Structure formats: C-alpha cells, structure tokens
Amino acid sequence: MNEIWTERYRPKNLDEVVGQKHVTERLKAYVSAGNMPHLLLTGPAGTGKTTCALAMAKELFGGGWKGNFIELNASDERGIDVVRGKIKEFARTAPLGNAEFKIIFMDEADALTSDAQAALRRTMEKYSKICRFVLSCNYSSKIIDPIQSRCAVFRFRPLTSDDVRDYLSRIVAGENVKIDDAALDGLVHVAKGDLRRAVNSLQVAASTGKKIDMDTIYQTTGMAHPEEVMKMLETALGGNFAAARDMLDDIMISYGLSGQDVIRQIHSSLFDMSIPDADKVRLVDKTGEIEFRIVEGSNERIQLEALLAYLVLVGGPRK
C-alpha cells in the first residue's frame, strides 16, 4: 500500500491505454513517423491525457526519455514569468542523444493566464524546430484561438463502464483484493468515466483490509447511498417535511458530505423518480438555483432545507 495504484498500474505504452483507441491510433502514427506537431489534449479528468503524453514520450525517446521531456502543471505555474523563464530555458536547449526534438508537457493548461498564453504562443512558434508542446486541459474553450490553431486537437471521452470494470478487475487480481461484484459495479457507477477516481477509491476501500462491500464504497467515495437519497426525496414529495429533514441530517453526518455533494446526488436522483416530466423540469430548475446559491456562499443547510420544502410543495403537503 506504499505506492499509489494509479502510478503502479499506469500504462507503459500507448497500446495499454484503455478506452481511447481513437486517440492512441493517431498518436502511434506520430511515433512511427518519429515526428509530431504541437498537441492539445482535452477532455474530462481521469480519462488518460497525461498517461498518453508520457507513453508517447517513452516510445519516441526510449530509455533516455526523461532528458527530453519536462512536465509542468499550469495550476501551480500559471504566470507569464514561468513561460518566459523555465519554459523558454528548456525549449531553447538542444535535444539530448539522437532525438530531433524535446517535449514540454503542460498539464491543466486552461489555468494559464491570458498573458501567459500569449507568451506561450510566441514560444511555440519560435522554438518549433527543436521543441514540441503537449498541452492538456479540461476545457479547450479556455485556450486562446492562436494556440489551438497551432495544435493538433485530441478529444478524450469518459471511459465506458466496461473499460473501467476491466481495468479495476486487473488491479483487484494483482493486489489480491476481496470485493463483492455489487461493490465493483458500485465503484464503476461512482467513477462516472473517471478511471483515476475509480482506482484511488478502490485503494482507499482496500486499505481497511476487509472484504469490500457496497457500504464501504459509499463511505470511502464521499457519496451517500443512492437509495437513501431517493427515500429522502420521496418522503419530501409525500408531504412529510420533518422526516425528510431528519434524513438529510443522517445523510450529511453519516457520510460527512458537504452541501454541494448532496445537491449533486439529488440532481442525479431526480431523473429516476416516478413523477411526471413537468414536475422533473421544475425540480431540476429549482435544484440548479439552489446549487448556485450554495456555490455563491449561502448557508448550505438552509438552502437544502429550502429544496426539501419545495419538494413538499410540488408533491402536495399533507393536510
């Protein structure tokens, strides 16, 4: 348990990357040609963007890949001074060995300030003969157009449930983890296509040393059991506000959830409720309003109780 499983089981080459064949096939073509343009990797968290960048560098440069590859996180180093200093210094030095170029990998590039992106655009242009940039981001809309036009864009999709389940099964077998089939399915559901979250949640659940069941999964992933959330909503719709409020207390205390955690689960549960579509529309609209208020700093407890009160009004309070 000394090593993070996301690193121990990280794919070593592009063929091992799961769920992104439409991306890896194109990247392997660059490896075969021994050349590549600047790249922009965009998509949700935990879908393999960093893994693909590392695997491609290893296949391009072989054993000496670390000398021709640098990884920076734009969330920590997001100002123009970093672009003019550290990045420019690495970009203008010649590649090591027989490599024709070096790679600068910038993770979370959408955190770069506008001035830093403008400076980066010029650096990409000036040192393109000996340096290639690989930018990774969750939101490509936050990357300025001049940078996007200089890059080949690769869009990563959330992983399918089968891909996540197969990968977790390999870890379970390799680490001799005891887990119920239902718990494994629950872990896949909680991950929502984010493989990193799934693997980290599995490791946390396995740290207890006991057989992993559904309760363990929900306790370690910071989520309430969906059935408990659904029961709370149905109780409120039935007109019993006091009982629904008590259930809200139990959920927040038992699972240690914040108001935003609860509102996200309520939003997911609304679509599974057996109520008319017109009522679902009204409830989703109200849920979005409550979530906005919580994010803006309103008291989360008051806002969640206000949502339950609205559910009572929609369902019709008891006389």
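The values are calculated or read from the model by the stated rules, or taken from the named source; none is laboratory data. Because the structure is predicted, anything quoted here is derived from the model rather than measured. Counting neighbours? That spans all protein chains shown, and the Cβs are built from the backbone with ideal geometry, glycine included. In case anyone asks, the SASA skips ligands and DNA or RNA and just uses the protein heavy atoms, side chains included. Shrake-Rupley method; radii C 1.70, N 1.55, O 1.52, S 1.80 Å.
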Q) Do any GluC sites (Glu not before Pro) in the range 1-70 lie in a loop, going by DSSP, with at most 10 other beta-carbon atoms within 10 Å of their beta carbon, and if so which? A) E3
Q: Once you've got the GNM for the chain with C-alpha springs shorter than 10 Å, pick whichever of L168, L283, L202 has the biggest mean-square fluctuation.
A: L283
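Full-extension gain between I130 and D145, please, as 0.36 nm times their residue separation minus the C-alpha to C-alpha distance.
Numbers: separation 15, 0.36 × 15 = 5.40 nm, distance 2.30 nm.
So the chain would gain 3.1 nm between I130 and D145.
On full extension of the chain, what length is gained from R282 through D249, given 0.36 nm per residue of separation minus the C-alpha to C-alpha distance?
Values: separation 33, 0.36 × 33 = 11.88 nm, distance 2.44 nm.
Separation in residues times 0.36 nm, less the Cα-Cα distance, equals 9.4 nm.
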Q) Which value, in Å² and to the nearest 10, is the accessible area of V134 when all protein chains are kept and the probe is 1.4 Å? A) 0
Q | Amide N proximity, the range 1-36 versus E175 label position 7 Å along Cα-to-Cβ, cut-off under 13 Å | A | 1-10
Q. How far apart, in nm, are two points set 7 Å out from the Cα along the Cα-to-Cβ line at E16 and at S161?
A. 2.8
Q | Dipole moment magnitude, nearest 20 debye, the chain about Cα centre, only Lys, Arg, Asp, Glu C-beta charged | A | 1420
Q.
If each residue of separation counts as 0.36 nm, what is the full-extension length gain between R122 and R301 once their alpha-carbon separation is subtracted?
A. 59.5 nm
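Taking K and R as +1 and D and E as -1, what net charge do the other residues with C-beta under 12 Å from the C-beta of V295 add up to? Intermediate results must be reported in sequence, preceding the final value.
Numbers: positive: R264, R293; negative: E289, E291, E296, E300.
Net local charge, V295 excluded: -2.
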Q: In nm, give the distance between the simple-model label positions of D272 and A152, each being 7 Å from the Cα along the Cα-to-Cβ direction.
A: 4.2
**Q.** Sequence-distant lysines (8 or more away, or on other chains) whose Cα lies within less than 21 Å of K211
**A.** K178
**Q.** Separation in nanometres of the label points that stand 7 Å from Cα toward Cβ, at E7 and R92
**A.** 3.3
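Check each of the chymotrypsin sites (Phe, Trp or Tyr not before Pro) in the range 247-319 and keep only those in coil by DSSP with at most 16 other C-beta atoms within 10 angstrom; list them in order. Could the numbers behind the result be given before it?
Working: sites: Y255, F271, F292, Y310; in loops: F271.
For chymotrypsin sites (Phe, Trp or Tyr not before Pro) across the range 247-319 that sit outside H, G, I, E and B with at most 16 neighbouring Cβ atoms in 10 Å, the list reads F271.
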Q: Return the lysines within reach of K86: Cα separation strictly under 27 angstrom, same-chain partners fewer than 8 residues apart disregarded; answer none if there are no such residues.
A: K49, K58, K66, K102, K126, K129, K142
Q) Do any GluC sites (Glu not before Pro) in the range 234-319 lie in a DSSP loop with no more than 12 other beta carbon atoms within 10 Å, and if so, which? A) E296
